[in-house]
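Heads up: the structure comes next, in structure tokens.
The values are calculated or read from the model by the stated rules, or taken from the named source; none is laboratory data. The structure presented is a predicted model; accordingly, all values stated were derived computationally and were not measured. We place every Cβ from the backbone using ideal geometry, glycine too, and count neighbours over all the protein chains shown.
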Amino acid sequence: MALCSPSNTVLLDCDVEAPNAHLFLKPEYTERERVTVLKPVFDPDLCTGCGRCREVCRFNAIVLLTGKPMLFQELCHSCGGCARNCPVGAIEEVRFEVGTYEAAESRSFFFAHGLLDIGESRSSPLIIRVKEEAHDRELVLIDAPPGTSCPMVESVRDTDYAVLVTEPTPFGLHDLKLAVETVRKLGIPFGVVINRAGLGEESVKVFCLGEKIPVLGEIPFDRRVAVLYSRGDVVSEFLPEYREIFSSILERVLCEIEK
Amino acid sequence: MRDRKIEQISVISGKGGTGKTSYVAAFACIQPDVVLADCDVDAANLHLLVASGQKNDETIPFTSGYKAMVDPDVCTGCGKCVEVCRFHAVRFEGGAGADSRAKAQIEDLACEGCGCCADECPAAAISLRENTAGELFVSPTRFGTLIHARLTPGQGTSGKLVARVREKAVDIAGEKGAELILIDGSPGIGCPVIASLSGADGALIVTEPTVAGLHDLIRVADLCDHFKIPTYAVINKCDINLELADRIQEQCRDRRVEVLGSVPFDPVFVNALTAGVTVMEYDDSEVARNIKGIWSALLSSMRKNNHAFTKAAAR
């Protein structure tokens with residue numbers, strides 16, 4: 001869809017656990033940085049072992065071992081509560097790396113994504129970094145992660161419109177219902193694109209009709225698409241009829257936003 | 001009875017949509033006395049294949065963490081909460097400040113429940129309430145008991161819910177004398193996947209020969225290696241791109257991930273899914289025979305690799 005857009009487009013791949021958009025766009029990165037979060041480090045000389053830090057931590061990320069605090073990294077949410085509450089200033093917040101941000105800028109296109117470090121569990125800080133690039137742009141497309149939990153919400157938050165891509169199977173319908181519930185909760189207008197149309201059954205269409213959800217377009221099930229996708233080729237560049245499909249979905253979205 | 005070791009196999013994929021759940025359902029159909037744990041709590045699907053139309057035996061509420069709540073009658077609008085919140089979860093309509101009449105508002109989906117705002121509020125206008133984050137279900141299936149869950153959309157504690165699903169599965173396996181727990185993991189490499197993998201005896205990656213499948217396979221295989229879990233792979237839809245299927249074989253060899261089989265693209269997967277059954281039940285297809293072979297290869301490979309475990313189990 002990004003490549004079918006008429007104007008300058010920004011594409012942000014926010015699926016930082018399994019980013020894939022770069023495999024299709026093959027960007028030459030012009031920018032790269034390590035993304036960090038703050039985590040507490042305890043100064044054993046200053047620490048009196050009072051346990052205030054453990055008390056204030058709602059994530060149970062701090063334990064006292066032989067009278068001194070110890071951090072369970074993976075439970076820490078970097079809220080800063082422990083450092084602010086330490087009565088003797090024994091806690092310093094130090095930057096820890098969680099992933100890599102990469103961006104590629106050319107005259108007509110801007111692409112950015114994040115790569116979460118292996119073993120790192122919280123993706124939100126990296127998603128927030130990638131989304132910073134959305135400021136002061138005309139049209140921003142965000143590739144959101146699957147699911148309906150925090151990484152998806154962080155990616156979809158504060159957007160003007162959500163395009164829910166589904167497929168006409170019981171799995172597709174089941175997950176679509178969850179996604180619909182989530183974007184409704186977020187108060188974001190949305191529409192549905194049915195991928196691999198023609199496979200499976202009609203229940204997704206029936207659901208959309210019943211819920212008055214606009215179906216923005218359908219992408220037919222086509223083995224040629226599966227083969228192009230498997231190679232990392234952009235379908236609309238090889239099969240011109242698909243260019244029309246994607247352009248019309250984008251036009252439809254822009255119309256819906258105007259409403 | 002509890003000291004008998006229960007084996008746990010986690011099926012994961014990295015990339016979504018590779019066919020993971022269809023394989024888990026097929027294995028459940030082959031293997032007797034299995035307990036199923038659907039750990040894709042964001043979008044649990046396994047019940048659609050193995051328990052369609054069945055009622056849940058048990059529903060257990062899942063609470064996790066806290067959410068902040070503002071008492072607008074007490075809030076002075078000073079804005080201290082905005083200052084301390086690292087999650088951009090506090091908003092003021094029209095801007096904060098001592099002379100402003102605006103009141104703090106908590107955006108529930110952004111609030112991580114750290115309580116910093118409540119601790120720092122000079123007017124004590126903010127309190128914390130327990131957060132209901134989802135539900136766990138215990139369901140009978142055609143093959144064995146299934147534990148699954150539903151995360152309330154927008155919740156951030158999916159790793160914790162995965163851990164609860166697995167605990168419950170271990171309890172049920174103990175009660176029923178089952179020896180194997182089959183875990184349907186979630187896509188990605190983040191917190192729910194880590195929770196689906198930790199402590200598992202083996203991981204099976206269901207991948208596909210696409211650039212995205214290969215890219216994510218490498219990341220999730222490295223994650224398994226990070227946790228020192230014996231890892232195996234199946235290449236689904238292997239004929240979509242034979243060259244990439246070869247590259248997946250190479251990458252697996254380099255990482256000592258044993259490829260147990262390759263299954264060509266076949267509409268039987270979608271047909272079975274639409275009928276609400278596993279591919280094993282749908283018809284006597286080439287795919288069904290292939291999957292049966294993969295399952296027995298997985299079990300025998302795991303037995304070989306976990307020699308110490310087998311000896312302990314025999315005792």
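What to note about this one:
- Being touching a Lys or Arg at 6+ places or on another chain (Cβ under 8 Å), aromatic (Phe, Trp, Tyr) and farther than 22 Å from A:Cys57 by Cα is a description that does not apply to B:Phe62.
- Of all residues in the range B:219-237, those satisfying the criterion of being more than 10 Å from chain A (Cβ to nearest Cβ) and surrounded by fewer than 23 Cβ atoms within 10 Å (Cβ to Cβ) are B:Lys228, B:Ile229, B:Pro230.
- Test: residue in the range B:48-66 that is within 22 Å of B:Asn290 (Cβ to Cβ) and crowded, with 24+ Cβ neighbours inside 10 Å: yes
- Qualifying residue in the range B:38-45 (condition: surrounded by 21 or more Cβ atoms within 10 Å (Cβ to Cβ), at pLDDT 95 or above and assigned by TED's automatic domain parsing to the domain that holds B:Gly174): yes
- Check on B:Asn271, within 12 Å of chain A (Cβ to nearest Cβ) and surrounded by 20 or more Cβ atoms within 10 Å (Cβ to Cβ): no
- Any helices (runs of 4 or more DSSP H) falling wholly within the range A:166-233 and containing at least 1 residues that are within 7 Å of chain B (Cβ to nearest Cβ): A:170-186, A:223-231
- Restricting attention to the range A:102-141, the residues that are touching a helix residue (DSSP H, G or I) at 6+ places or on another chain (Cβ under 6 Å) and either among the small types (Gly, Ala, Ser) or closer than 24 Å to A:Val180 by Cα (or both) add up to 9.
- Selection status of A:Phe190, buried (at least 18 other Cβ atoms within 10 Å of the Cβ) and over 21 Å from A:Ser248 (Cβ atoms): no
- Members of the range A:96-134 found to be in a loop (DSSP other than H, G, I, E, B) and within 14 Å of chain B (Cβ to nearest Cβ), listed by number: A:Asp117, A:Ile118, A:Gly119, A:Glu120, A:Ser121, A:Arg122, A:Ser123
- Picking from residues in the range B:192-206 that are within 14 Å of another protein chain (Cβ to nearest Cβ) and not hydrophobic (A, V, I, L, M, F, W, C), the one that is surrounded by the fewest Cβ atoms within 10 Å (Cβ to Cβ) is B:Ser198.
- Top-ranked residue in the range A:18-61 [being in contact (Cβ under 8 Å) with a residue 60 or more places away in the chain, within 14 Å of another protein chain (Cβ to nearest Cβ) and part of a strand (DSSP E or B); ranked as nearest to A:Gly114 (Cα to Cα)]: A:Thr36
- Every residue from the range A:62-95 that is surrounded by 15 or more Cβ atoms within 10 Å (Cβ to Cβ), away from chain B (no Cβ under 13 Å) and within 29 Å of A:Arg32 (Cβ to Cβ): A:Leu71
- Selected residue (only one of B:Val74, B:Val82 is surrounded by fewer than 20 Cβ atoms within 10 Å (Cβ to Cβ), of a type in the set (A, V, I, L, M) and free of Cβ contacts under 8 Å to residues at least 24 places away in the same chain): B:Val82
- Residue in the range B:151-165 that is among the β-branched types (Val, Ile, Thr), over 26 Å from A:Val156 (Cβ atoms) and crowded, with 18+ Cβ neighbours inside 10 Å present: no
- Comparison of B:Ser186, B:Ser198 shows that the only residue that is among the hydroxyl-bearing types (Ser, Thr, Tyr) and within 10 Å of the chain's Cα centre (by Cα) is B:Ser186.
- Flag for A:Ser124 being within 23 Å of B:Gly115 (Cα to Cα), in contact with a Pro (Cβ under 8 Å, 6 or more places away or on another chain), buried (at least 19 other Cβ atoms within 10 Å of the Cβ) and modelled with pLDDT of 90 or more: yes
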